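Report on the following structure.
What follows draws every value from the coordinates through simple rules; no lab data is involved. Everything quoted here is computed from the prediction, not taken from an experiment. Neighbour counts are summed over all protein chains in view; Cβ atoms, including those assigned to glycine, are modelled from backbone coordinates with ideal geometry.
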Amino acid sequence: MGSQNVIDVALKNDVKKVIAISTDKAVYPSNIMGVSKLLMEKLFVNANYYSGKSNTRFACVRFGNVAWARGSVLPLWKKQVETDKKIQVTNPEMTRFLMSPDQAINLVLSAATFSQAGEIFVLKMPSVALGDLAKLFIEKYHAHDGIAIEHIGARAGDKLHEQLIDDNDRVSRMYENDSMYIFVPLINITNLEQEFADYPGFKRIDSVDTYHSSKFLDNERIKDII
């Protein structure tokens, strides 16, 4: 409902572009957050098809986990260290994509710059196993404090791995540069002044592998991000 309210108000006020912030959890969702984010993506992409004479254009970005954001595990670990001298990890074998706040901001700004209508923008980002992330966190901030790691088991709806791209993305018109992908709807948006033009600095591609968090482990890049 909140997403639909934003769409309606943007159309009413002739906002030029609206960028919805989604998440890797929208890809093959296994919990309520993922399902709601997937529904949000569908609402924003399809809003371009019924916007009538409005000049408003809608697109999405798909985040991974943003380091030190409110929902990140890092602030939680910081609090746990201060109160219990230990940190809790659900499953050390789980892998997650991680991005810095600057990368998250730049992805949104890039989407606002390049979007024509209905795209999903996905940053190429590294992933990390939660057990390794915990060790990197302790090494970075508490190397000499004797902090313990407690394994508490997965929660309901937790995936072992995450994906940034699904089968629907892979049958879209696809573009990439060194840092991100753009997935463009195959169905023409009839109220655009022109058909989709190419995106400056991006190349058209015919295929893309499933972007799976178990395949992009890079602890050195993650160390810089945290």
Under-5 Å amide H pairs with Phe63, H placed in peptide plane, nonlocal only: Ser22, Thr23, Asp24
Would you mind telling me which residue in Asp209, Asp169, Asp158 has the biggest mean-square fluctuation in a Gaussian network model of the chain, where springs connect alpha carbons within a distance under 10 angstrom? Asp209
Can you tell which of Leu130, Leu38, Leu76 shows the greatest fluctuation in a Gaussian network model of the chain with Cα springs below 10 Å? Leu76
Just Glu41, Glu119, Glu82 to compare: in a GNM of the chain, with alpha carbon springs under 10 Å, which one fluctuates most? Glu82
Theoretical FRET efficiency, 1/(1+(r/R0)^6), r = Cβ-Cβ of Ile187 and Ser54, R0 25 Å, to 0.05: 0.85
Of all trypsin sites (Lys or Arg not before Pro) in the stretch 20-114, which ones are in loop regions per DSSP and have a Cβ with at most 11 other Cβ atoms within 10 Å? Lys53, Arg70
Can you give the FRET efficiency for Asp132 and Gln4, using 1/(1 + (r/R0)^6), R0 = 41 Å, r = Cβ-Cβ distance, to the nearest 0.05? 0.55
Can you pull out the trypsin sites (Lys or Arg not before Pro) in the stretch 108-200 whose DSSP state is coil and whose Cβ has at most 12 other Cβ atoms within 10 Å? Arg155
Extending each Cα 7 Å along its Cβ direction at Asp198 and Asp158, get the distance between those two points in nm, one decimal. 4.6
Within 13 Å, Cβ to Cβ, of Lys86, how many net charges do the neighbouring residues add up to if Lys/Arg are +1 and Asp/Glu are -1? -1
For the stretch 22-64, run through the chymotrypsin sites (Phe, Trp or Tyr not before Pro) and keep only the ones in DSSP coil with at most 11 other Cβ atoms within 10 Å of their Cβ. Tyr50
Potential lengthening between Ser207 and Met33 on full extension [0.36 nm per residue; Cα-Cα distance subtracted]: 59.8 nm
Folded to 0 to 90 degrees: helix 101-114 orientation relative to the chain principal axis, Cα: 10
Taking His151, His144 and counting other beta carbon atoms within 10 angstrom, the fewest-first order is His144, His151
